[in-house]
Amino acid sequence: MPIGPIDSSRTPRFTGRDGFARLPRLDQVERADIVVAGIPFDSGVSYRPGARFGPNHIREASRLLRPYNPALDVSPFEISQVADAGDIAVNPFNIEEAIETVQQAALDLTTDGARLLTLGGDHTIALPLLRAAATRHGPVALLHFDAHLDTWDTYFGAEFTHGTPFRRAFEEGVIDSEALSHVGTRGPLYGKRDLEDDRRFGFGIVTSSDVLRQGVHEVTAKLRDRIGSRPLYVSIDVDVLDPAHAPGTGTPEAGGMTSRELLEILRGLRGLNLVGADVVEVAPAYDHAEITGVAAAHLVYDLVSLLALRKHAQE
Ligand SMILES: [Mn+2]
């Protein structure tokens, strides 16, 4: 019988400092099926810093989540043991070392088959998380929600930044070139070359305008076709949402998706072989009224629900 979250009808939701959705800590359970972990790292950002404070901001905003998810008709914490592993302590002054630390921690947290869902942190962390996912499952299909491509080569000569993780992942062969998609892309680029490079790596692009014009259901059906039965990793940069829905982030771009559209696409992934996910780039210093934190908490909740449903279906 899984240990569930703290009962908010007995202990008010605004007391204490708890794990994501008031779930138990990993050291309070025998083993977990789904592990939520924070990565308070933002040394790879190119503009506004502050995503190192993202994990606890998302946890704080997750207090209002309730145990039953009607959109997916599942009580994820009842059918799976979900636990919060706390934060992975990474070196803020050495990006290469931080990447190694994240990769090792991701492997350690998944040795017994647990699925890992991480709270960022900036997007640099997607590279070591994809490396770990590929170690466990082979090269993974990638669904990347982001205003930006994040397939640039270098910034100021630096290879490992929050704008480059997916080019590195392609070069290292940890993602499956047959099944790579960006969703929610928009905003100005450095040049046409950015798109040519990106296409060469195998990415398909669904822009935020495509979501508007084609609608969520058509877009989701196309994404599902591309992914098929492959192991799937979902990486969500919260800046995929319009700044109206997520002001608290480092590189905002106008014209983004609504949180309703994004949640609807995620729910449409039900039944796919989801093996891991991250929600990154939440920078609370630029947030107002917890708008970004609440959006991120709900995204994580639906990802946890998908992981729980997947595990349940396999049993
Ligand atoms: Mn990004």
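Read-outs: derived from the displayed coordinates by stated rules, not from any lab. Everything numeric in this text was worked out from a predicted model, so none of it was measured. Here Cβ is always computed from backbone atoms with ideal geometry, including for glycine, and neighbour counts include all displayed protein chains.
Things worth noting here:
- Placing dummy labels 7 Å off each Cα toward the beta-carbon, the span from A71 to L107 is 3.5 nm.
- Here the Debye sum runs over all C-alpha atoms of the range 1-110 as equal scatterers in vacuum, and log10 of I(q)/I(0) at q = 0.13, 0.16, 0.20, 0.23 Å⁻¹ comes out as -0.57, -0.81, -1.09, -1.26.
- Spin-label model, E78/E100: points 7 Å from Cα along the beta carbon direction are separated by 4.6 nm.
- Percentage of interatomic Cα-Cα distances in the range 253-299 larger than 11 Å: 75
- Stokes-Einstein, applied to the Kirkwood radius of the range 197-238 over Cα pairs at a viscosity of 0.890 mPa s and 25 °C, places its translational diffusion at 208 µm² s⁻¹.
- Over the chain, relative contact order from alpha-carbon pairs under 8 Å, at least 6 apart, %: 22
- Whether the range 194-315 is rounded, prolate or oblate, judged on the alpha carbon gyration tensor where a/c under 1.5 counts as rounded: oblate
- Fraction of beta bridges assigned by DSSP in the chain that are antiparallel (%, nearest 5): 5
- Cα-based equivalent ellipsoid, the range 121-197: semi-axes from gyration tensor eigenvalues, Å: 20, 14, 11
- Candidates T154, T251, T164, ranked by Gaussian network fluctuation over the chain, Cα under 10 Å, top entry: T154
- Rh by Kirkwood over Cα pairs, then Stokes-Einstein D for the chain at 0.692 mPa s and 37 °C, µm²/s: 172
- Per-peptide packing, taken as the mean over residues of other Cβ atoms within 10 Å, places 144-151, 192-199, 132-139 in the sequence 144-151, 132-139, 192-199 from highest down.
- Relative contact order, whole percent, for the range 16-83 stands at 47, derived from Cα pairs under 8 Å and 6 or more residues apart.
- Cα-derived Rg to Rh of the range 56-141, Kirkwood definition: 1.01
- GNM remark for the chain: springs join alpha carbons under 10 Å apart, and the peak mean-square fluctuation among G121, G256, G113 falls on G113.
- For the range 108-245, the C-alpha radius of gyration sits at 1.03 times the compact-globule guess of 2.2 N^0.38 Å, with N the residue count.
- Charges were assigned to the Cβ only: +1 to each Lys and Arg, -1 to each Asp and Glu. The resulting dipole of the range 182-264 about its Cα centre is roughly 300 debye.
- For a label point 7 Å along the Cα-to-beta-carbon line of F14, residues of the range 37-74 with backbone N under 17 Å: 60-65
- Comparing L127, I205, P49 along the charge dipole axis of the chain, the residue lying farthest to the positive side is I205, per the Cβ-charge model.
- Between the range 263-315 and the range 41-102, the alpha-carbon center distance in angstrom: 10
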